[in-house]
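The values are calculated or read from the model by the stated rules, or taken from the named source; none is laboratory data. Remember, it's a predicted structure, so these values are computed and weren't measured experimentally. Note that each Cβ is placed from the backbone with ideal geometry, even for glycine, and that neighbours are counted across all protein chains shown.
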Amino acid sequence: MACTLVALDTSTCVNANGGAEYAYVTDITNITSITVTTGQISAFTMSSTDLWTKLVPNKNQTARYDQTGNRPNEFSTKIDYACEGFMYFAGNSNALKLVADPLAACCRLVVIWVLNTGALVVQGIEIDAGATGGFTGSKEGDCRCTPNMLSDTSANEARLELTFNSRNRVTSPYTTLTPAAIEAL
Amino acid sequence: MTKYMVDPEYLKKHHAAFTVVLNSAKPKRVALHGECTVTKPAGAGGPPQSIVVPAPNNAELEWLFKAGHEAIIHVQETDEQQEINTGAKKGGWKKAGE
């Protein structure tokens, strides 16, 4: 691969608040194609309407989406990114079970994380102009959700924790769509 | 005159395709396969309801084409007329990004 490097100068202020605010989730088979503009997803085309499910976790500074680079060893040319998103929902009830079970049942999820920086990053997809629809799922490991339904003890809070894991060859793409546009899909 | 249309080859692969057009203040949902009625299931928001999703008009197709949507092609009207007359795809078709 050609090495064309991009300069970065951090002397200007940027919004660097960590964490995520909320997310939209769908099954990858609901997406028929994506449109890419200068490397970012500028549109999703879906097989029906209202297929993005909005998940708004508790605002307790735990929601996040991290991509950690891995090489088999420091000299290896292979690299992939372990992608992990997390959300926390207080409570323990049938209503939370009805959220958790379908998420666990989906084998290939796509999650749009609305980060606290204001950026929207897409887990579970890799841009691939040569693939049908212009995308594939995460190339090294499909995005799946593992729920934990915890009563914990009386000293703590009962909760549903959702962890979304996938493994990419490159870091996740961003989308220029706004939350309003995603909700209109 | 330039006219935009949804690529029939795209619709062969995807019998239903919905996207949003962002050329006005409010995002507009459109059905690339043509106007249709969608039934939203009952949920926390209330009982089931049917909504009509319109097909994109020419201005919206043009916006989607310029945004690079792979399903939209533009065609010179004379070529389109030729296709109607002969059933054969003529020159003058162009996909987004070409």
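Filter segment B:52-72 down to the residues that are assigned to a strand (DSSP E or B) and either more than 9 Å from chain A (Cβ to nearest Cβ) or in contact with a helix residue (DSSP H, G or I) (Cβ under 8 Å, 6 or more places away or on another chain) (or both) and list them by number.
B:V52, B:I72, listed by residue number.
For segment A:153-185, enumerate the residues that are within 12 Å of another protein chain (Cβ to nearest Cβ), surrounded by fewer than 19 Cβ atoms within 10 Å (Cβ to Cβ) and more than 16 Å from A:T117 (Cβ to Cβ).
Within segment A:153-185, A:A180, A:E183 meet the criteria.
Pull out all pairs, ordered by first then second residue, where Cβ-Cβ is under 8 Å, the residues are six or more apart or on different chains, the first lies in segment A:14-42 and is acidic (D, E), and the second is buried (at least 16 other Cβ atoms within 10 Å of the Cβ) and assigned to a strand (DSSP E or B).
That search, which allows pairs on different chains as well, returns A:E21/A:V114; A:E21/A:L115; A:D27/A:L109; A:D27/A:V110.
Conditions (1) in contact with a helix residue (DSSP H, G or I) (Cβ under 7 Å, 6 or more places away or on another chain); (2) surrounded by 12 or more Cβ atoms within 10 Å (Cβ to Cβ); (3) closer than 23 Å to B:K28 by Cβ; (4) aliphatic (A, V, I, L, M), marked per residue:
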{"position": "A:V6", "(1), (2), (3), (4)": "no, no, no, yes"}
{"position": "A:D9", "(1), (2), (3), (4)": "no, no, no, no"}
{"position": "A:Y24", "(1), (2), (3), (4)": "yes, yes, yes, no"}
{"position": "A:T37", "(1), (2), (3), (4)": "no, yes, yes, no"}
{"position": "A:D50", "(1), (2), (3), (4)": "no, yes, yes, no"}
{"position": "A:N70", "(1), (2), (3), (4)": "no, yes, no, no"}
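For segment B:1-51, which positions are over 13 Å from A:D50 (Cα atoms), more than 8 Å from chain A (Cβ to nearest Cβ) and among the aliphatic types (A, V, I, L, M)?
The answer is B:M1, B:M5, B:V6, B:L11, B:V21, B:A25, B:A44.
Among A:A43, A:A100, A:A23, A:A82, which is the only one that is of a type outside the set (S, T, Y), in a helix (DSSP H, G or I) and either modelled with pLDDT of 95 or more or within 18 Å of A:L177 (Cβ to Cβ) (or both)?
Sole residue among the options that is of a type outside the set (S, T, Y), in a helix (DSSP H, G or I) and either modelled with pLDDT of 95 or more or within 18 Å of A:L177 (Cβ to Cβ) (or both): A:A100.
Would you point out the residue of segment A:85-97, among those that are aliphatic (A, V, I, L, M) and not in a strand (DSSP E or B), that is surrounded by the most Cβ atoms within 10 Å (Cβ to Cβ)?
Per the criteria, the residue is A:L96.
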